[in-house]
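Just below is one structure, and these are the notes that go with it.
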Amino acid sequence: MHCALVSRTLDLRSYFGKALDGIAEHIQAVDHPADDHAEQVQMALAWHPPADAFASYPNLKAVCTIGAGADNVLACPSLPPHVDVVRVVDPAQAEMMAGFILWHVIWHQRRFASFMAQQKAKIWKRLDQRRPQTVSVALLGYGQIGQRVAEELTALGFPVLAWSRTQKPLPANLRGFHGRDGLLTMLAETEVLVNLLPLTPETRGILNRDAFAAMRPGGYLIQVGRGEHLVEADLLAALQSGQLSGASLDVFAVEPLPQDHVFWHHPQVFMTPHDACDISVDALAATLMATATAVQAGERPPHAVDRQRGY
Ligand code: NAP
Ligand code: GLV
């Protein structure tokens, strides 16, 4: 089967060449625009596709993303309505995401930013040692990554609250919330807010002034969802007022972050360049193979997202 590689922002071969080489016997990767093979292309691997990309492939059946989130493929205007969009569900990514988030929770809990400032100023001063049991952590999104994050946080003693769209059974050491009312109830008890939501029309702009105001004063934001979840001006105001004490930001509305952006030198912001965790080569290869098998059988591929719901 022919698979078109489609991205405006990444050279997919240099990122995932190993995955493509490993399955080359079954799936032939062709660079977009694959003019010589346009009719044969039945699947695509895409990340931030150009707006007209999918119009080139009359027999396209499925598009795989290279991540857990499918938002940038779903947003492509030329994506035909019947085409399945497949995301990658990778336990190795969830494990790495959990480690990343845990580190930022502890960065806040143990006041490491203050220790760094003290070291710079040669100040020897012990700080209040807060127990994890006193630092409530709320997860926006309790999906495949959120569940793994919750396991790691609860194992260390942090009280964990989890918000999802639908109500679901939870382990005894977690408290679950759903819906708009559930969100406000949860935020009132939240010190650290971790965003692990997919970007959909319902979740766009959810990290805003109302959400920050509903949190415990001096709270902390860990933003690893998508940049468009955050209203940047509202975050800056919440940091300025002290309603939030700091924020760890991995994703941004414009990536790479423009050179003149205030976040680069903001003393309360800890930035990483959308680097919380990529999917693994093995998970991508397995996803492409499972998608090709399903397309050949005329079936819906595993991990095809619900296009109406947006994730
Ligand atoms: P997932 O398994 O699809 O889980 C999504 C969770 O969000 C589910 O619990 C879902 O609720 C909840 N949700 C969706 N819409 C909601 C709404 N309107 N209200 C309340 N809850 C809502 O996704 P995942 O694999 O955990 O990944 C989550 C996101 O993390 C990705 O979409 C991506 O944006 C981000 N991500 C970022 C990085 C990075 O490097 N920064 C890496 C990986 C992923 P239900 O359970 O009720 O469906
Ligand atoms: C990364 O952002 C992903 O969605 O996997």
- Query: Condition test on A253, is it touching a helix residue (DSSP H, G or I) at 6+ places or on another chain (Cβ under 8 Å) and in the same structural domain as H108 (by TED's automatic domain parsing)?
  - Reply: yes
- Message: Within segment 243-260, take every residue that is part of a loop (DSSP other than H, G, I, E, B) and open to solvent by less than 30 Å² (accessible area, probe 1.4 Å) and give me the one that is farthest from W103 (Cα to Cα).
- Response: L257
- Criterion: modelled with pLDDT of 95 or more and out of contact with any Cys (no Cβ under 8 Å at 6 or more places or on another chain) - qualifying residue of V41, V30, V63, V86: V63
- Within segment 103-123, work out how many residues are on the phi < 0 side of the Ramachandran plot and either modelled with pLDDT under 95 or open to solvent by 30 Å² or more (accessible area, probe 1.4 Å) (or both). 14
- Query: Can you tell me which of D282, D275 is open to solvent by 80 Å² or more (accessible area, probe 1.4 Å) and closer than 30 Å to E232 by Cβ?
  - Reply: D275
- Message: So for segment 245-265 (the condition being within 14 Å of E191 (Cα to Cα) and within 13 Å of ligand 1 (Cβ to nearest atom)), does at least one residue qualify?
- Response: yes
- Task: Answer yes or no as to whether L230 is within 16 Å of ligand 2 (Cβ to nearest atom), hydrophobic (A, V, I, L, M, F, W, C), in the same structural domain as V135 (by TED's automatic domain parsing) and crowded, with 16+ Cβ neighbours inside 10 Å.
- Result: yes
- Message: Looking at G141, G146 in this structure, which one is under 30 Å from V88 (Cβ atoms), within 16 Å of ligand 2 (Cβ to nearest atom), in contact (Cβ under 8 Å) with a residue 60 or more places away in the chain and not charged (D, E, K, R)?
- Response: G141
- Message: Looking at (1) over 18 Å from the mean Cα position of the chain (by Cα); (2) crowded, with 17+ Cβ neighbours inside 10 Å; (3) among the hydrophobic types (A, V, I, L, M, F, W, C), which one does L156 not meet, given that it meets all the others?
- Response: (2)
- Item | Residue under evaluation Y57, criteria (1) more than 16 Å from ligand 1 (Cβ to nearest atom); (2) surrounded by fewer than 21 Cβ atoms within 10 Å (Cβ to Cβ), criterion not met | (2)
- Quick one: which residue in R209, R148, R216 is open to solvent by 80 Å² or more (accessible area, probe 1.4 Å), of a type in the set (D, E, K, R) and in contact with a helix residue (DSSP H, G or I) (Cβ under 6 Å, 6 or more places away or on another chain)? R209
- Item | Selection status of E191, within 23 Å of A68 (Cβ to Cβ) and in contact (Cβ under 8 Å) with a residue 24 or more places away in the chain | no
- Hey, could you check segment 237-255 for residues that are within 16 Å of ligand 2 (Cβ to nearest atom) and among the hydrophobic types (A, V, I, L, M, F, W, C) and say which is nearest to the chain's Cα centre (by Cα)? V251
- Name every residue in segment 68-90 that is within 16 Å of ligand 2 (Cβ to nearest atom), open to solvent by 20 Å² or more (accessible area, probe 1.4 Å) and in contact (Cβ under 8 Å) with a residue 60 or more places away in the chain, in order of residue number. A68, D71, L74, R87, V89
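The values are calculated or read from the model by the stated rules, or taken from the named source; none is laboratory data. Nothing here was measured: the structure is a model prediction, and the numbers come from that model. All Cβ positions, glycine included, derive from the backbone under ideal geometry; neighbour counts span all protein chains shown. What goes into the accessible areas is simple: the full protein's heavy atoms, side chains included, and nothing from ligands, DNA or RNA. Shrake-Rupley method; radii C 1.70, N 1.55, O 1.52, S 1.80 Å.
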